[in-house]
Amino acid sequence: MALLLSPRWSWCAETGLRERPHILVEGDRIAAILAEPPSMDAERIALEDGLLLPGLINLHNHAFSAPLFRGLADDIAPGALPGHILFSLLMPLGDLVAEIMDPEEIGDAVEMALLECLMTGTTAMLDIWRPQQRAFIPRARALGLRTWSCPYLFTRPNLAMGADGRPEWRGEDASEASFDFVMRLFAEAHEGPDGLASVGFGPHGPDSNSPELLRRVDRAAREMGALVSIHCAQNPLEIAAVEAAHGRRSVAHLAECGLLRPGVILGHCMFATDEEIAQVRDAGAAIASCPLGFARSGRAVPLARFLASGVRLGIGTDGVTLDMVDELRAAAVLARTQSGDPSQGAAERLLAAATRDSADALGRPDLGRLTPGSRADLVMFDLSAPRYQPVWNPLRALLTNGAGRDAHTVVTAGRLRVAHRTLLRGDAAAITRRGAAAIARVWAEAERRGAIPAAIAARRAAA
Ligand SMILES: [Zn+2]
């Protein structure tokens, strides 16, 4: 049956703000945007204070990390851990997951994270994950999320502390195995534009992948029409390692390896110079910036510089928060504090980044828009709560005062997934219980083995 959504307002980057539209969905597409409701047979949802947007796109995420490190990796003073957080918490906990969690348990934890994404208005997500998280794909499909899975590729998969205290990539050469994994997964699970699940390449970074592997990824991705996501210029150590090994910085190195072009999404570019950002822009690659993840460790991503450059920009949550409304608000605040200009990071600009521009970065102009013929991935926020009222401008109300949990209706591929803030297929409470239990078991085992650093263990709330 057709679906008719009748919000108070709708907005997309192409058509701007409309009042009292009726959005007709047939099949997996937007069939029409009407001024009057049609008299046809259709499932109808009308919301007096509803703001309908293209579904939000999370352009850089690690869903499984969010519950695994929730509350553990926050508020850590410099020097409070025995070494870098990577060595003293993140890697050991990741190793423990690989050792004790079975694929179903990992799937349970991932599904809880994906549920949070969907329930807060995200309809599409690029997620970079390790092979043991393969359950990501069926769990996301069951919830109705549109996903790009970009499994990690590594030449040297193990990060260890070198003699000089700097991180070093070590281990057996994993180039072949990680490349083969993506090729197999692509053959088995990539559905393309008519399905919900897509598969791409996720080489971890320019320091952890050999130039040979990066070039091989480039060639294969072009042939297959697959996306590439790679961390780039995310910290000074990465840039220094690339410079030492190849005599050029990360952005120039990726260009040399074929990975600065449309179809490539660079995670972070936190330490990219203005010239490098311009080079990314001119090459047609995109940047996915994740403000809250860096803010957690006391750093501000260069949002104002990204916006001023005109580079294709998307926003991601990096497995730190999963709520895109929170992340967009952080982006707006950063752009303003960095530029001293309160007009920077306007609601329209950031919502365009999280919808149309991210869709274009994914090579999917059929997404991220409210235009007839576009795929119907939609979110309707309910602005009736006191925090929004009265409404002068609904976009500013959402970005300044809003919360992802006010997502009232979520549609992907033309199908209702959330209505009246309720998950339609699946039991949200049961998914949450299972996911939390899976992570709690890892935490308990980590505590038992003394794998949680003392400074973090000490602030555990009493059970
Ligand atoms: Zn990342």
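The values are calculated or read from the model by the stated rules, or taken from the named source; none is laboratory data. In this text, all values refer to a predicted model and were calculated from it rather than measured experimentally. Cβ coordinates were reconstructed from backbone atoms using ideal geometry, including for glycine residues, and neighbour counts include every protein chain displayed. With ligands, DNA and RNA removed, areas are computed over all heavy atoms of the protein, side chains included. Shrake-Rupley method; radii C 1.70, N 1.55, O 1.52, S 1.80 Å.
Key figures for this structure:
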item	result
Along each principal axis, Cα extent of the stretch 89-161, largest first, Å	39, 24, 19
Gain in span if fully extended, Ser39 to Met1, counting 0.36 nm per residue against the direct Cα distance	12.3 nm
Computed log₁₀ I(q)/I(0) - Debye formula, equal Cα scatterers, no solvent, the stretch 198-318, q 0.11 Å⁻¹	-0.32
Cα→Cβ-extended label distance, 7 Å offset, between Ala244 and Asn401, nm	5.3 nm
Accessible surface, per residue, of the chain when the full set of protein chains is kept, probe 1.4 Å, Å²	39 Å²
Gain in span if fully extended, Asp173 to Asp427, counting 0.36 nm per residue against the direct Cα distance	87.2 nm
Distance in nm between pseudo-label sites at Ala300 and Gln389 (7 Å out along the Cβ direction from Cα)	3.6 nm
Burial ranking of peptide ranges 433-441, 420-428 (average Cβ count within 10 Å, highest at the top)	433-441, 420-428
Net length gained if the chain between Ala444 and His84 were fully extended (0.36 nm per residue, minus Cα distance)	127.4 nm
Fraction of accessible area attributable to carbon and sulfur, the chain (%, probe 1.4 Å)	52 percent
Computed over the stretch 144-236, Kirkwood Rh from alpha-carbon pairs, angstrom	14.1 Å
For the stretch 56-361, average projected area of the Cα convex hull in nm²	15.0 nm²
Protection-proxy order for peptides 319-332, 209-222, each taking the mean of Cβ atoms within 10 Å per residue, highest first	319-332, 209-222
Kirkwood estimate for the stretch 11-116, i.e. one over the average of 1/r between Cα atoms, Å	18.6 Å
Pair Arg219, Asp341: separation of 7 Å Cα→Cβ label points (nm)	4.5 nm
